[in-house]
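K.L.:
First, the structure itself, so that you have it in front of you.
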Amino acid sequence: MERIAYIVIGAAVAVVMMTLLPRGMWPERSGIDVRMVMSDVDLDMMATMHQHTPREVSADVLSPSVNHLMFPDMMDGYNIQILTNNFTFTPANINRAPVDNEGHAHIYVNGIKIARVYGNWYHLSGALLQPGENDIRVTLNANDHGEWTVDGIPVSSVVRVRTPEVIQ
């Protein structure tokens, strides 16, 4: 239990650092090794904690689908519009039993989960993007957080955005 507490605290510190520090001062951009704060075992355990059992959509219902659009925000980052078909966002049912075509979305930046989303819009801070190409993935997830799948394929959408390279 103590190890999980340390992992949660480490993750909270990482979120605070990403939120408060200017882009050039992030550990991975300043040459500081993130492993100084968290070990490989801790990082692996965090990744495992974010894995959920896939949920196959029943064959007797229409399959859900998702696409997303990314609009540059004049102040910072992007506004993401999540477009779904045959899917209903149900924030009041979070952590309850899965119901076909209901749930929420998860947003990943370069393979790292950064948010749980309960509606069609999300603001993505530019601080979460690295210089160059970034893959922004949106998945549809059940009330129990499992990714919805159709024929074993996750119901998801990926958009690649390019941010300016940092000049040093």
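The values are calculated or read from the model by the stated rules, or taken from the named source; none is laboratory data. Here the structure is a predicted model, which means the values were calculated and not measured. Quick reminder, even Gly has a Cβ in these numbers, built from the backbone with ideal geometry, and neighbours come from all protein chains shown. Protein only, heavy atoms only, side chains kept; ligands, DNA and RNA dropped before computing areas. Shrake-Rupley method; radii C 1.70, N 1.55, O 1.52, S 1.80 Å.
K.L.:
With the dipole of segment 125-168 worked out from charges on the C-beta (+1 for Lys and Arg, -1 for Asp and Glu) around the Cα centre, which of I153, N141, L128 lies farthest toward the positive end?
P.N.:
L128
K.L.:
Kindly report the accessible area of segment 43-168 per residue (heavy atoms of protein chains, probe 1.4 Å, no ligands, DNA or RNA), in Å².
P.N.:
Result: 56 Å² of accessible area for each residue.
K.L.:
Mind listing the phi-derived Karplus ³J(HN,Hα) values for segment 111-123, rounded to whole Hz, using 6.51, -1.76 and 1.60 with θ = phi - 60°, and x for any glycine or proline?
P.N.:
x, 10, 5, 10, 7, 10, 10, 10, x, 7, 10, 8, 9
K.L.:
Of the heavy-atom accessible surface of segment 68-133 (probe 1.4 angstrom), what whole percent is carbon and sulfur?
P.N.:
That fraction is 53 percent.
K.L.:
Still on this structure: Whole-Hz ³J(HN,Hα) for each residue in segment 133-142, computed from phi via Karplus 6.51 cos²θ - 1.76 cosθ + 1.60 with θ = phi - 60°, x for glycine and proline: what do you get?
P.N.:
Residue by residue, segment 133-142 yields 7, 9, 9, 10, 10, 10, 10, 9, 10, 6 Hz.
K.L.:
Moving on. List the residues of segment 148-167 whose backbone N lies under 18 Å from a point placed 7 Å from the Cα of L83 along the Cα-to-Cβ direction.
P.N.:
Within reach of a label on L83: 155-161.
K.L.:
Which residues does a label at D76 reach in segment 103-127, if reach means a backbone N under 18 Å from a point 7 Å past the Cα toward the Cβ?
P.N.:
It comes to 109, 114-116, 122-127, nothing else.
K.L.:
Given R₀ = 22 Å, what would the calculated FRET efficiency be for A59 paired with W121, taking r from the Cβ atoms and rounding to 0.05?
P.N.:
0.10
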